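Structure first, then comments.
The values are calculated or read from the model by the stated rules, or taken from the named source; none is laboratory data. Here the structure is a predicted model, which means the values were calculated and not measured. For neighbour counting, all protein chains shown are included, and Cβ atoms are generated from backbone atoms with ideal geometry for every residue, glycine included.
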């Protein structure tokens with residue numbers, strides 16, 4: 001019985017780690033799209049909105065990075081190269 005519960009906990013940890021890595025990947029892709037959007041506009045209002053959105057994405061990514069370090073999660077950071 002204890003072994004089954006331990007396996008569930010390990011499985012839950014793996015799922016949490018996978019979710020964390022997936023969210024980091026999604027955020028890195030959104031940040032890349034943000035960078036592309038900057039190059040496609042010259043409207044000051046849109047640029048200002050993009051800056052605020054980029055800051056929010058960067059803050060969220062930093063939070064996930066902190067959580068990954070706390071979990072001692074090994075991540076291939078080449079996958080998350082940001083512009």
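What the table below lists for this structure:
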quantity	calculated
Search result, residues across the range 16-72 that are outside any helix (DSSP H, G or I) and surrounded by 14 or more Cβ atoms within 10 Å (Cβ to Cβ)	none
Residue check, residue 37 farther than 12 Å from residue 21 by Cα and either touching a strand residue (DSSP E or B) at 6+ places or on another chain (Cβ under 7 Å) or modelled with pLDDT of 85 or more (or both)	yes
